[in-house]
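The values are calculated or read from the model by the stated rules, or taken from the named source; none is laboratory data. All of these numbers come straight from a predicted model, not from anything done at the bench. Positions of Cβ are generated from backbone atoms using ideal geometry, with glycine treated the same way; all protein chains shown enter the neighbour counts. The protein model used for the area step is the full one, side chains on, heavy atoms only, and it has no ligands, DNA or RNA in it. Shrake-Rupley method; radii C 1.70, N 1.55, O 1.52, S 1.80 Å.
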Amino acid sequence: MITPEIKNPEFIGSFPKLSLCPEDNKPEYAFIGRSNVGKSSLINMLTVRKNLAKTSSTPGKTQTLNFFLIDKSWYLVDLPGYGFAKASKKPGGLG
Ligand SMILES: Nc1nc2c(ncn2[C@@H]2O[C@H](COP(=O)(O)OP(=O)(O)OP(=O)(O)O)[C@@H](O)[C@H]2O)c(=O)[nH]1
Ligand SMILES: [Mg+2]
């Protein structure tokens, strides 16, 4: 087992804006990187779940802020990547 520490990963929701995200003061961990580098796949690896975070072989799959509550105590957050031009470039697009 790769990460026996994670027992109960739970999808909470996909949020289009930061202001809509959960605000319960639990720690949040997120990964930053270019589109298609494997950020969503990394969340699946860490939680030992195949399809918890949605992945795709084409860049730009993750478009919202996706919150996964880990063991009722902290969050893994799957973020969109950068460098994929189809999404809006306006500053604060997810703000
Ligand atoms: N060879 C290889 N492919 C990987 C690895 N991790 C992910 N992939 C593949 O890379 C592609 C993109 O993975 P995602 O996890 O969707 O990438 P992402 O960073 O979340 O992409 P965006 O949501 O567009 O930002 C998929 O086809 C994965 O199967 C890895 O470690 N090795
Ligand atoms: Mg992704």
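Of note:
- Accessible surface of the chain, 1.4 Å probe, proportion on carbon and sulfur as whole %: 56 percent
- Chain lengthening between L42 and S73 when straightened (0.36 nm per residue, less Cα-Cα): 9.2 nm
- Relative packing of 40-49, 25-34, which averages over residues the other C-beta atoms within 10 Å, highest first: 40-49, 25-34
- For the chain, diffusion coefficient by Stokes-Einstein and Kirkwood Rh (Cα), 25 °C, 0.890 mPa s, µm²/s: 178 µm²/s
- Our summary gives the chain a relative contact order of 39 percent, counting only alpha carbon pairs under 8 angstrom and 6 or more residues apart.
- Spatially proximal aspartates and glutamates relative to K26 (Cα-Cα < 13 Å; intrachain offsets below 8 disregarded): D71
- Å² per residue, accessible surface of the chain at 1.4 Å: 67 Å²
- FRET efficiency estimate (nearest 0.05) - Cβ-Cβ, K50 to L20, R0 41 angstrom: 0.90
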